[in-house]
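Below is one structure, written out as structure tokens; the observations come after it.
Quick note: the coordinates plus some simple rules give every number you see, no bench work behind them. Everything quoted here is computed from the prediction, not taken from an experiment. Heads up, the Cβs are rebuilt from the backbone with ideal geometry, glycines too, and the neighbour counts pull from every protein chain shown.
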Amino acid sequence: MENNARILLVEDDPNLCMLLQDFLELMHYKISVAHDGEQGYAIFQSETPDLCILDVMMPRMDGFSLAALIRKKNNQIPIIFLTAKSLNEDRLKGFHQGCDDYITKPFSTEELNLRIKAILRRCSRNILDDPEQMNEVFDIGKFVFDAPNMILKSDFGIQTLTQKESNLLKLLCLNKNKLLTRDHALKTVWGNNDYFIGRSMDVFITRLRKYLKDDPNVAISNIHGIGFKLEVKE
């Protein structure tokens, strides 16, 4: 899918937008362009992009707000934020919105292309597929986790998971009652291990704990500085 991918580029700086569009089309991507968040969302609704590149500071609707709307429609599509800000709070906010990467201006077009390729490669395959571990439905106490359909079911109801929530929970299930190291989880689910992505993973762990809280025999414990353990009392 990589070089045939359709990319939605939303950037309010006309010069940077033209430069990026020309470069990405030279790399054989199919590019749709918008210059503000509202226009970007309209294009997203009318098309089916494989990846979104969103400027953060834009008129009419900022990139974070646009990403939130996109996530309501599609939990799986990868998002890259572009921003002139390098504040940690902004980067963390971006990852909390479910972005896959965050690039601070100025940046090289080649760096952007490499990051796009890495994200599309991760999305084009199931990074948790293992022929020796074909079980895709897991019992977690009173819950049944249907990994292919990204659904967590129980007498308490049905919770639809995002792709990353599902991948992370599957990895925990494959290591049930055993230590799952942070490094392994980050590289397997996110394809990278740095401080900001690590903070993003902590948010996802918190969400999974919330989904599982109704069964007192199920817990995701934190092994400080090392990793996590999905503990299920039989």
task = Only Lys, Arg, Asp and Glu count, each charged at its Cβ (+1, +1, -1, -1), so figure out the dipole size of the chain about its Cα centre, rounded to 20 debye.
result = 700
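Which whole-number percentage describes the relative contact order of region 137-232, with Cα contacts under 8 Å and a sequence gap of 6 or more?
Numbers: 129 pairs, mean separation 26.4, N = 96.
Once divided by the residue count of region 137-232, the mean separation gives 27 percent.
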key: the chain - Debye-derived log10 I(q)/I(0), Cα point model, q = 0.11, 0.13 Å⁻¹   = -0.60, -0.81
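Starting from 0.36 nm per residue, how many nanometres of slack lie between Ala84 and Arg60 once their C-alpha separation is accounted for? Don't jump to the answer; show the numbers that get you there.
Values: separation 24, 0.36 × 24 = 8.64 nm, distance 1.79 nm.
Residue separation times 0.36 nm, minus the Cα-Cα distance, leaves 6.8 nm.
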remark   = Nearest 10, in degrees from 0 to 90: the angle of helix 14-26 to the longest Cα principal axis of the chain is 70
note = Going through Lys73/Lys213; Lys73/Lys176; Lys72/Lys178 one by one, the pairs whose alpha carbons sit over 28 Å apart turn out to be Lys73/Lys176; Lys72/Lys178
key: Residue (of Gly198, Ala118, Leu20) at the positive-pole extreme of the chain, dipole from beta-carbon charges   = Gly198
note = Between Leu114 and Asn149, the FRET efficiency computed from the C-beta separation at R0 = 45 Å comes out, to the nearest 0.05, as 0.85
request  = Between the alpha-carbon centers of region 28-58 and region 204-234, tell me the distance in whole angstrom.
outcome  = 37
inquiry  = 7 Å from Cα along Cα→Cβ at both Asp22 and Lys178: what's the point-to-point distance in nm?
reply    = 5.4
Approximate spin-label separation Arg6-Ile226, in nm, with each point projected 7 Å along Cα-to-Cβ = 4.8
ask   = Put a dot 7 Å past each Cα toward the Cβ at Ala219 and Asn15; how far apart are the dots in nm?
value = 5.8
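Using a cut-off of 9 Å between beta-carbons, work out the net charge of the residues near Thr162 (Lys and Arg +1, Asp and Glu -1, Thr162 not included). It would help to have the intermediate numbers written out before the result.
Details: positive: Arg71, Lys164, Arg207; negative: Glu165.
The answer is +2.
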